[in-house]
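Notes to accompany the following structure.
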Amino acid sequence: PPFERPTAQRTASSFDAIVKEEMKRPTFTGGVSTKQSWKTALRYFREVHGDLTPQEITRRQVSHLGDLLALSPTKRVIKKAERAWPLPKLVDAYEGKEIERLSWKTRSAIHGSLQAAWNRCQRSGGIDVELVNPFAGPNLGRAPAPRKNNGLSRSEASAIFALPVFTAGDRP
């Protein structure tokens with residue numbers, strides 16, 4: 001008779017719990033920075049959508065997370081007393097203010113962490129391989145164009161190196 005694998009653990013555990021179990025495995029090859037980035041990404045997802053099982057996570061929820069991350073202020077902007085606030089509360093508190101928001105690169109890293117965690121959990125059997133990764137190919141908008149840096153002109157470089165600090169060793 002065909003062998004059926006038990007799926008009770010897969011359907012009962014939240015995505016958060018499955019990923020945390022994966023990080024505890026002795027065969028986990030990620031380092032400290034990988035674990036930290038996964039924990040941060042999981043915290044953001046949990047703050048926005050709660051503890052969902054892998055079957056309950058939809059692409060729309062992932063897009064909503066991306067929208068909130070795009071509106072989220074950077075850590076430098078947030079007051080120390082507000083740093084423990086959940087993501088939706090932070091977004092509401094800083095709505096409409098001209099402040100620095102999370103960069104495209106940071107948002108991409110958060111989505112990449114969730115995607116990598118999902119893939120790793122599928123490979124190890126924590127998540128059913130039949131489930132499509134909802135974190136794959138997130139719509140984060142366009143990446144900003146790289147800033148153009150032409151460097152210094154010859155006259156600008158000459159003017160800098162003609163300063164007394166370079167010619168005579170003067171220290172102000």
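Every number in this text was worked out from the coordinates using simple rules, so none of it is lab data. Small disclaimer: the values here were computed from a predicted structure and weren't measured. No Cβ is skipped: glycine too gets one built from the backbone with ideal geometry, and neighbour counts run over all protein chains shown.
Within the listed set PRO86, PRO73, PRO26, the residue fluctuating most in the Gaussian network model of the chain (springs between alpha-carbon atoms under 10 angstrom) is PRO26. The residue list PHE161, PRO146, VAL48 was ranked by how far each Cα lies along the charge dipole of the chain toward its positive end, using unit charges on Cβ atoms, and PHE161 comes out on top.
Here the extension length gained between GLU21 and ARG171 equals 48.3 nm, from 0.36 nm per residue of separation less the Cα-Cα distance. Protection proxy ranking for 33-44, 157-168, using the average of other Cβ atoms within 10 Å per residue and placing the highest first: 33-44, 157-168. The simple spin-label model puts a point 7 Å past each Cα toward its Cβ; for THR106 and LYS39 those points are separated by 1.9 nm. For GluC sites (Glu not before Pro), the sites in region 89-172 that DSSP calls loop and that have at most 15 other Cβ atoms within 10 Å are GLU95, GLU98, GLU100, GLU130. Between PHE28 and LYS89, the modelled label-to-label distance comes to 2.7 nm, taking each label 7 Å out from Cα in the direction of the beta carbon. Counting only pairs 8 or more places apart or on different chains, how many lysine pairs in the chain have C-alpha atoms closer than 21 Å? For the chain, qualifying lysine pairs total 19. Considering only GLY31, GLY126, GLY50, give the residue with the highest GNM mean-square fluctuation for the chain, with springs between Cα atoms whenever their separation is below 10 Å. Of GLY31, GLY126, GLY50, the Gaussian network model singles out GLY31 as fluctuating most.
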